[in-house]
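K.L.:
Let me give you the structure first, and then I'll get to my questions.
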Amino acid sequence: MELINKQEVSKKLSGRLLLNKVLKYIFLLFTLVGLVVLATLLIDTVLDGWRYLTPDFFTSYSSSRPESAGIYGALIGTLWLMAVTAPIAIILSVGTALYLEEYAPKNRLVNFIKVNISNLAGVPSVVFGLLGLTLFVRLMELDSSVLAAALTMSLMILPVIVVASQESIRSVPSTIREASIGMGATKWQTITRVILPAAVPGIITGIILALSRAIGETAPLIIIGIPTILLFTPTGVLDTFSALPMQIYSWVKLPNPEFQSVTAAGIIVLLFILFLMNSVAIYIRNKYSKRF
Amino acid sequence: MTSSKVKEEKNMNTVYDTAVQDRTEENRTIEQTQAVFQAKDFNLWYGNNHALQNINLDFNENEISAIIGPSGCGKSTFIKSLNRMVELVPIVRTEGDIVYRDQSIFDKSYTVEDLRTKVGMVFQKPNPFPKSIYDNVAYGARVHGVRNKKVLDQVVEKSLKGAAIWDEVKDRLNDNAYGLSGGQQQRICIARALAIEPDVILMDEPTSALDPISTTKIEDLMHELKKDYSIVIVTHNMQQAARISDRTAFFYQGYVVEYDKTNVIFDKPKDQRTEDYVSGRFG
Ligand SMILES: Nc1ncnc2c1ncn2[C@@H]1O[C@H](COP(=O)(O)OP(=O)(O)O)[C@@H](O)[C@H]1O
Ligand SMILES: [Mg+2]
């Protein structure tokens, strides 16, 4: 006796195939909803802000008149912020990742720390802003300086880079570590000559993605009291500054409707920078992936 | 050298053994050779797993010593004890001693880096660095402080020639070693080990991941290397042990059942378990 009735099977087959097809289109629709909304947003912003993207826009400070408002101060401020944040964040997080993966003993405490670093990556940026306000702005009396903001941003993106670096270091096969150690290389030589070179693409990808998160962050900057409009650029890390997201945030609040277009122009610049950074990250990841 | 020639040589060894004059001559050479490694009541635990039990073995200079035995009997653990790589596993604990050229390798004043410079290792799976062929072979010399490009060039050429792969790669030293075949990669790894000018070379199943032709090449190479180096090789291929080694240790469940000249182990072993294993009855 046949356990599966062949006739029944073929009778029901068309129904199954139909369901299969219908679901495919339903899911495509869901995907499109997201894409369409995103595209509308982008197109709307670009159309709105396009005519303000003149050379003057990049070379003038903000102004109360929309036609002469520019992002010079904010752009330079953001560059300062990134230039100071990047080295602090990179040194701290790659060092942490190296310690955790290569040196730390394998015990409960270290495991606990590892788990919590991943958890830190999910802490809202406002919380880091509050930490920065208490610790750097008030306690260390750095005021609303580039350094205070950079330290805050570094702490905020630290967990992201640590986790990315850890994964990257862990993916270096133990066989090539053994090869190095087996030739009498010290641990440090093995790290600098074998592990880091092999892990660096993944680490850089993590760094860029983390920095691109920091570049768009507004909340921590607001909390540590970074001014929204500033008519000079910093000359040192202890000077105050403004940043792109702060500038955008301040324009969008202005009553003059023309400023909505200026805002759009600012957003285009910010998005372009983000897009550029993410492209570099993706390029590096694709170029160096699957090497083992 | 072809495999038939290898066989011939093994037959010749048997002929040697039966001829009385030749035997005395062989005994004399063995007396002359010196032990490079001596394990003395060596014990090792992974946590509670007593993986090596009372190991007593002497490995001689300019000989190929083979370690055979069923999977999980402690061959890798033992060979990795000889350069203290086994200590990378945190739960490892040892007792007893291993002496390398009259000095205990566990001596406080003996740094592992120093030991591993004299005792090189070739691993089961070819494990070149994701670097150029040149940088792979020059790695050891650079780690030990050689900066001079001329010296490095010489080291690389000499080592690649020593590993019988110079002709195959001399025109593409700057290519990534990952582009080579498995057999070539393994010879690059041997060249890399030779480049630190070791005294002893440890090999843990160096041909188990390779095809028969590459295997033959590496076995031939080992015959050459024996003139200048002492070699300890782990293999689960008994024919390989029979073909290439001078002495063979049979490991079983963490201890040495029998250790003798290779032809004794294969032709007239004293222990029943050795006989069962080499005749393929278990393992
Ligand atoms: N890293 C390790 N941690 C714990 N136990 C191990 C480890 N490596 C090997 N062992 C144990 O030691 C014993 C010998 O293993 P091994 O030396 O790898 O055997 P072989 O190389 O002869 O196959 C086995 O029981 C194995 O489970
Ligand atoms: Mg093994």
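K.L.:
Being open to solvent by less than 30 Å² (accessible area, probe 1.4 Å), touching an Asp or Glu at 6+ places or on another chain (Cβ under 7 Å) and closer than 25 Å to A:Thr175 by Cβ: is that true of B:Val234 here?
P.N.:
Details: open to solvent by less than 30 Å² (accessible area, probe 1.4 Å): yes; touching an Asp or Glu at 6+ places or on another chain (Cβ under 7 Å): yes; closer than 25 Å to A:Thr175 by Cβ: yes.
Taking the combined requirement at face value, the residue satisfies it.
K.L.:
Within the stretch A:201-224, does at least one residue satisfy the condition of being farther than 19 Å from A:Ile267 by Cα, surrounded by 17 or more Cβ atoms within 10 Å (Cβ to Cβ), within 14 Å of chain B (Cβ to nearest Cβ) and in contact (Cβ under 8 Å) with a residue 24 or more places away in the chain?
P.N.:
For the stretch A:201-224, residues farther than 19 Å from A:Ile267 by Cα, surrounded by 17 or more Cβ atoms within 10 Å (Cβ to Cβ), within 14 Å of chain B (Cβ to nearest Cβ) and in contact (Cβ under 8 Å) with a residue 24 or more places away in the chain: present.
K.L.:
For the stretch B:73-80, indicate whether the set of residues that are part of a helix (DSSP H, G or I), within 11 Å of chain A (Cβ to nearest Cβ) and surrounded by 23 or more Cβ atoms within 10 Å (Cβ to Cβ) is non-empty.
P.N.:
Looking for residues that are part of a helix (DSSP H, G or I), within 11 Å of chain A (Cβ to nearest Cβ) and surrounded by 23 or more Cβ atoms within 10 Å (Cβ to Cβ), one finds at least one in the stretch B:73-80, hence yes.
K.L.:
I'm trying to understand the selection: among the residues of the stretch A:116-137, which are over 15 Å from A:Arg170 (Cβ atoms), assigned to a helix (DSSP H, G or I) and open to solvent by 40 Å² or more (accessible area, probe 1.4 Å)? Write out each step before concluding.
P.N.:
Within the stretch A:116-137, the first condition is being over 15 Å from A:Arg170 (Cβ atoms), and the residues that meet it are A:116, A:119-137.
Now narrow it down to the ones that are assigned to a helix (DSSP H, G or I): A:116, A:119-120, A:125-137.
Matches in the stretch A:116-137: A:Asn116, A:Asn119, A:Leu120, A:Val126, A:Val127, A:Leu130, A:Leu131, A:Thr134, A:Leu135.
K.L.:
Okay, next question. Any residue at all in the stretch B:260-274 that's in a strand (DSSP E or B), surrounded by fewer than 23 Cβ atoms within 10 Å (Cβ to Cβ) and away from ligand 2 (no atom under 16 Å from the Cβ)?
P.N.:
Narrowing the stretch B:260-274 to residues in a strand (DSSP E or B): B:260-261.
After this cut, where a residue has to be surrounded by fewer than 23 Cβ atoms within 10 Å (Cβ to Cβ) as well, the list is B:260-261.
Now narrow it down to the ones that are away from ligand 2 (no atom under 16 Å from the Cβ): B:260-261.
Scanning the stretch B:260-274 turns up at least one residue that is in a strand (DSSP E or B), surrounded by fewer than 23 Cβ atoms within 10 Å (Cβ to Cβ) and away from ligand 2 (no atom under 16 Å from the Cβ).
K.L.:
Output the residues belonging to the stretch A:140-187 that are of a type in the set (Val, Ile, Thr) and within 14 Å of chain B (Cβ to nearest Cβ). Break it down into steps so the answer makes sense when it comes.
P.N.:
First, pick out the residues of the stretch A:140-187 that are of a type in the set (Val, Ile, Thr): A:146, A:152, A:157, A:160-163, A:169, A:172, A:175-176, A:181, A:186.
Once the filter is applied, which keeps residues that are of a type in the set (Val, Ile, Thr) and within 14 Å of chain B (Cβ to nearest Cβ), the stretch A:140-187 yields A:Val172, A:Thr175, A:Ile176, A:Ile181, A:Thr186.
K.L.:
Would you pick out the residues in the stretch B:40-56 that are more than 16 Å from ligand 2 (Cβ to nearest atom), open to solvent by 20 Å² or more (accessible area, probe 1.4 Å) and more than 14 Å from every other protein chain (Cβ to nearest Cβ)? It would help to see each step written out before you state the result.
P.N.:
First, the residues of the stretch B:40-56 that are more than 16 Å from ligand 2 (Cβ to nearest atom): B:40-43, B:45, B:47-48, B:50, B:53-54, B:56.
If we keep only those that are open to solvent by 20 Å² or more (accessible area, probe 1.4 Å) too, we end up with B:40-41, B:45, B:47-48, B:50, B:53-54, B:56.
Result: B:Lys40, B:Asp41, B:Trp45, B:Asn48, B:His50, B:Gln53, B:Asn54, B:Asn56.
K.L.:
Please go through the stretch B:118-130 and give me each residue that is farther than 12 Å from B:Arg192 by Cα and either away from chain A (no Cβ under 12 Å) or surrounded by 20 or more Cβ atoms within 10 Å (Cβ to Cβ) (or both), ordered by number. Break it down into steps so the answer makes sense when it comes.
P.N.:
Going through the stretch B:118-130, the residues farther than 12 Å from B:Arg192 by Cα turn out to be B:118-119, B:124-125, B:130.
The one that is farther than 12 Å from B:Arg192 by Cα and either away from chain A (no Cβ under 12 Å) or surrounded by 20 or more Cβ atoms within 10 Å (Cβ to Cβ) (or both): B:Val119.
K.L.:
Would you tally the residues in the stretch B:228-245 being away from ligand 2 (no atom under 16 Å from the Cβ) and closer than 19 Å to B:Ile55 by Cβ? Lay out the reasoning, then the answer.
P.N.:
We begin by selecting, within the stretch B:228-245, every residue away from ligand 2 (no atom under 16 Å from the Cβ); these are B:228-231, B:239, B:242-245.
Filter once more, keeping what is closer than 19 Å to B:Ile55 by Cβ: B:230-231, B:245.
Residues in the stretch B:228-245 being away from ligand 2 (no atom under 16 Å from the Cβ) and closer than 19 Å to B:Ile55 by Cβ: 3 in total.
K.L.:
A further question follows. If a residue must be in contact (Cβ under 8 Å) with a residue 24 or more places away in the chain and either away from chain A (no Cβ under 14 Å) or open to solvent by less than 30 Å² (accessible area, probe 1.4 Å) (or both), how many such residues does the stretch B:159-176 contain? Outline the logic, then answer.
P.N.:
Initial filter on the stretch B:159-176 (in contact (Cβ under 8 Å) with a residue 24 or more places away in the chain): B:159-160, B:162-165, B:169, B:172-176.
Now narrow it down to the ones that are either away from chain A (no Cβ under 14 Å) or open to solvent by less than 30 Å² (accessible area, probe 1.4 Å) (or both): B:159-160, B:162-165, B:169, B:172-175.
Result for the stretch B:159-176: 11.
K.L.:
Can B:Ile133 be described as touching a Leu at 6+ places or on another chain (Cβ under 8 Å), crowded, with 17+ Cβ neighbours inside 10 Å, touching a residue at least 24 places away in the same chain (Cβ under 8 Å) and more than 14 Å from every other protein chain (Cβ to nearest Cβ)? I'd like the intermediate steps shown before the answer.
P.N.:
Working: touching a Leu at 6+ places or on another chain (Cβ under 8 Å): yes; crowded, with 17+ Cβ neighbours inside 10 Å: yes; touching a residue at least 24 places away in the same chain (Cβ under 8 Å): yes; more than 14 Å from every other protein chain (Cβ to nearest Cβ): yes.
Yes; evaluated as a whole, the condition is true for this residue.
K.L.:
Right, another one. Can you confirm whether B:Phe106 is more than 11 Å from chain A (Cβ to nearest Cβ), more than 30 Å from A:Tyr288 (Cα to Cα), among the aromatic types (Phe, Trp, Tyr) and open to solvent by less than 10 Å² (accessible area, probe 1.4 Å)? Explain how you work it out, then say what you get.
P.N.:
Working: more than 11 Å from chain A (Cβ to nearest Cβ): yes; more than 30 Å from A:Tyr288 (Cα to Cα): yes; among the aromatic types (Phe, Trp, Tyr): yes; open to solvent by less than 10 Å² (accessible area, probe 1.4 Å): no.
No.
K.L.:
Would a scan of the stretch A:148-163 turn up a residue that is assigned to a loop (DSSP other than H, G, I, E, B), open to solvent by less than 70 Å² (accessible area, probe 1.4 Å) and within 15 Å of A:Thr218 (Cα to Cα)?
P.N.:
From the stretch A:148-163, those assigned to a loop (DSSP other than H, G, I, E, B) are none; that's our starting set.
No - not one qualifying residue is present in the stretch A:148-163.
K.L.:
Mind telling me which of the residues B:Ala195, B:Ala249, B:Ala209 ends up being small (Gly, Ala, Ser), buried (at least 20 other Cβ atoms within 10 Å of the Cβ) and within 16 Å of ligand 1 (Cβ to nearest atom)? Working first, answer last.
P.N.:
Numbers: B:Ala195 fails: within 16 Å of ligand 1 (Cβ to nearest atom); B:Ala209 fails: buried (at least 20 other Cβ atoms within 10 Å of the Cβ).
None of the other options fit; the residue is B:Ala249.
K.L.:
Next question. Give the residue that is surrounded by the fewest Cβ atoms within 10 Å (Cβ to Cβ), with candidates limited to residues of the stretch A:237-283 that are in a loop (DSSP other than H, G, I, E, B) and free of Cβ contacts under 8 Å to residues at least 12 places away in the same chain. Outline the logic, then answer.
P.N.:
Filtering the stretch A:237-283 for residues in a loop (DSSP other than H, G, I, E, B) gives A:237-239, A:241-243, A:253-257.
Keeping just the survivors that are free of Cβ contacts under 8 Å to residues at least 12 places away in the same chain gives A:253-255, A:257.
Values: A:Lys253: 9, A:Leu254: 15, A:Pro255: 5, A:Pro257: 8.
My answer is A:Pro255.
K.L.:
Which residue is nearest to the other protein chains (Cβ to nearest Cβ), if the candidates are limited to the stretch B:57-72 and must be within 14 Å of ligand 1 (Cβ to nearest atom) and open to solvent by less than 10 Å² (accessible area, probe 1.4 Å)? Give the derivation first.
P.N.:
Here is the first cut: in the stretch B:57-72, the ones within 14 Å of ligand 1 (Cβ to nearest atom) are B:66-72.
Subsequent filtering for residues that are open to solvent by less than 10 Å² (accessible area, probe 1.4 Å) retains B:66-69.
Numbers: B:Ala66: 20, B:Ile67: 17, B:Ile68: 22, B:Gly69: 22 Å.
Filtering the stretch B:57-72 for residues that are within 14 Å of ligand 1 (Cβ to nearest atom) and open to solvent by less than 10 Å² (accessible area, probe 1.4 Å), the one nearest to the other protein chains (Cβ to nearest Cβ) comes out as B:Ile67.
The values are calculated or read from the model by the stated rules, or taken from the named source; none is laboratory data. What you are looking at is a predicted structure, and each value in this text was computed from that prediction instead of being measured. Using ideal geometry, Cβ is built from the backbone for each residue, glycine included, and neighbour counts are taken over all protein chains shown. Please note that ligands, DNA and RNA were not included when accessible areas were found on the heavy atoms of the full protein model with its side chains. Shrake-Rupley method; radii C 1.70, N 1.55, O 1.52, S 1.80 Å.
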